[in-house]
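The values are calculated or read from the model by the stated rules, or taken from the named source; none is laboratory data. Computed from a predicted model, the values in this text were never measured in an experiment. Cβ atoms come from the backbone with ideal geometry, glycine included; neighbour counts cover every protein chain shown.
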Amino acid sequence: MSSTTHAPPQPPTNPQVVIVGAGPVGLWLAHEIALAGVRTLVLERDEKRSPHSKALGIQPRTVEVLAMRGRHKDILAAGRPVPNWHFGMLESRIDFSSLPTPFPFLLAQPQSVTENLLERYATGQGAVVWRGHEVTSLTQDPASVTVGGNGPDGAYEVSAPYVVGTDGARSTVRRAAGIDFPRTDTSAYGFLGEVILDEPPQTPGFAALTDAGRLIVVPLPDRRYRVTGYDPANQRRDVPLTLEELRRASLRIAGTDFGMREPSWLTRFGNATKLAATYRDRRVLLAGDAAHIHFPAGGVGLNVGLQDAMNLGWKLAAVIQGRAHPHLLDTYHAERHPVGAELAEHTMAQTALITGLTPEVSALRSLLNQAVAGEPAFARMLAGKLSGLDTVYRPADPGAHPLTGSRAHDPEGEGILALLHDGRAVLLTMGEPAHAEVGERAAAAGISVHHSRLAHTGGPAWSGVSAALIRPDGRVWWATEEPASGAEFVAEVVNALDRLPATF
């Protein structure tokens with residue numbers, strides 16, 4: 001069935017997972033689950049994909065996520081690498097070019113392009129996407145979740161062992177499941193217009209920061225530009241943004257309206273920040289904007305959502321197929337909820353820098369500009385937050401190897417990423433070729449074994465590591481420094497592999 005086929009009232013697919021919302025997060029999650037052979041149905045309220053792109057950038061860790069499945073080349077070809085980025089519109093830019101990744105840049109690309117590719121990938125794996133289907137209710141029992149919907153052929157119900165809400169800030173799934181969404185109230189509104197500019201700025205990513213407000217101009221395809229920012233003189237949410245208002249804001253803040261005309265999108269957005277109390281309620285899970293929203297500062301929201309999906313997909317597939325205990329799904333909340341909390345924290349900090357026009361905020365901006373320009377460690381810390389490269393999932397076991405939960409990174413290229421294309425775990429051995437028994441146990445668990453040089457190239461944290469088991473999402477699940485030549489090494493690796501099915 002194609003992605004645009006209308007569903008009959010009783011879907012014939014007998015889905016194992018229903019995903020509500022066909023934005024980038026839902027589509028990548030559908031790809032991940034379908035990759036494992038799980039029957040996946042995506043329900044989307046809108047009949048057509050929106051032509052408007054909320055997000056315009058893909059951060060380095062997200063490109064790595066796509067590369068783990070070999071899905072990055074089309075997206076790289078469609079985008080434009082940007083070697084530096086901003087934090088809270090600070091004048092001192094944060095350099096991405098030296099980050100430890102094969103993709104040391106922000107990839108500038110409209111969300112609509114990303115969504116188109118992600119839907120192609122998902123349906124290519126066998127996921128079914130039904131558009132024009134609005135979810136109206138949700139109930140769950142110990143064995144399944146039933147979703148009520150309205151489609152082109154009327155009302156219907158569909159049941160599945162699990163349902164995931166990727167249906168945005170006003171998530172029907174989250175509300176129907178009774179999951180709390182604590183918030184900070186909106187205290188400031190930004191503006192956004194996509195227009196043709198007859199006199200565009202000569203500097204790509206032009207920014208104006210004055211006592212009158214903030215403004216950024218970003219080039220888009222088809223000769224259009226995004227003009228966005230914060231205007232303290234007009235904070236009325238109840239009145240639609242007009243071209244004339246956008247012109248006035250630009251004149252006050254930047255001293256020119258750039259000859260703007262022919263708007264294709266005019267909107268406002270607020271700085272309310274919310275984080276779901278839990279990402280899992282029994283058989284219902286949340287990802288992306290359904291789990292966390294924030295002021296769109298730093299271009300990170302879409303990326304955190306896609307990384308939510310990468311964390312959840314392989315776990316959900318393993319549980320549905322009986323390869324893991326359902327408790328594995330609890331680790332999704334345990335690992336990703338802290339990331340959502342950190343996202344809320346640094347976007348609120350950026351919001352204060354963007355919307356604060358007081359002398360005190362100006363003084364803070366001056367200090368932070370100096371720190372970014374003159375303190376490499378501080379600039380690197382901010383780069384790690386924005387890029388997503390520094391996220392670590394802290395293990396519950398205090399005796400776990402220090403690498404556990406960290407990103408497996410090969411500084412010599414895409415080596416490790418290419419090993420994960422099939423969505424399965426990988427056992428890396430650093431020294432001699434793996435013992436026959438290790439290879440046999442790994443094969444029985446569906447795990448490939450590869451020799452790696454990370455003990456030499458991965459930096460101090462990898463020095464001495466003789467073997468490591470890499471999760472399907474590119475994180476270290478287990479590592480050992482037991483000498484590879486001894487029987488103890490074989491016993492430890494075999495023991496880890498034997499425990500694997502009960503763990504993930």
Any chance Leu286 is touching a helix residue (DSSP H, G or I) at 6+ places or on another chain (Cβ under 9 Å), closer than 18 Å to Thr351 by Cα and surrounded by 15 or more Cβ atoms within 10 Å (Cβ to Cβ): no
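Across the stretch 316-366, what is the total count of residues that are of a type in the set (S, T, N, Q), farther than 27 Å from Ala208 by Cβ and buried (at least 17 other Cβ atoms within 10 Å of the Cβ)?
Counting residues in the stretch 316-366 that are of a type in the set (S, T, N, Q), farther than 27 Å from Ala208 by Cβ and buried (at least 17 other Cβ atoms within 10 Å of the Cβ) gives 1.
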Filtered residues of the stretch 459-469 (kept if in contact (Cβ under 8 Å) with a residue 24 or more places away in the chain and either touching a helix residue (DSSP H, G or I) at 6+ places or on another chain (Cβ under 7 Å) or surrounded by fewer than 23 Cβ atoms within 10 Å (Cβ to Cβ) (or both)): Gly459, Ala461, Trp462, Val465, Ser466, Ala467, Leu469
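A quick yes/no check of all residues on (1) more than 19 Å from the chain's Cα centre (by Cα); (2) modelled with pLDDT of 95 or more:
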| position | (1), (2) |
| --- | --- |
| Ser264 | yes, yes |
| Thr267 | yes, yes |
| Thr273 | no, yes |
| Arg280 | no, yes |
| Leu286 | no, yes |
| Ala291 | no, yes |
| Val300 | no, no |
| Asn303 | no, yes |
| Gly313 | no, yes |
Some residue of the stretch 427-450 being among the aliphatic types (A, V, I, L, M), surrounded by fewer than 20 Cβ atoms within 10 Å (Cβ to Cβ), modelled with pLDDT of 95 or more and within 30 Å of the chain's Cα centre (by Cα): no
In the stretch 336-368, the residues that are among the small types (Gly, Ala, Ser) and over 27 Å from Arg61 (Cβ atoms): Gly356, Ser362, Ala363, Ser366
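Within the stretch 178-223, how many residues are of a type in the set (Lys, Arg) and at pLDDT below 95?
2
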Pairs where the first residue, in the stretch 45-61, is within 26 Å of Asp153 (Cα to Cα) and assigned by TED's automatic domain parsing to the domain that holds Ser97 and the second is surrounded by fewer than 18 Cβ atoms within 10 Å (Cβ to Cβ) and at pLDDT 95 or above, C-beta under 6 Å, 6+ apart: none
Within the stretch 21-120, strands (runs of 3 or more DSSP E) holding 3 or more residues that are within 25 Å of Gly415 (Cα to Cα): 80-82, 106-108
Matching helices (runs of 4 or more DSSP H) fully within the stretch 366-466 where at least 2 residues are under 24 Å from Ser485 (Cα atoms) and not assigned by TED's automatic domain parsing to the domain that holds Leu328: 436-444, 454-457
Residue that is surrounded by the fewest Cβ atoms within 10 Å (Cβ to Cβ), among those in the stretch 150-204 that are assigned to a strand (DSSP E or B) and of a type in the set (Phe, Trp, Tyr): Tyr156
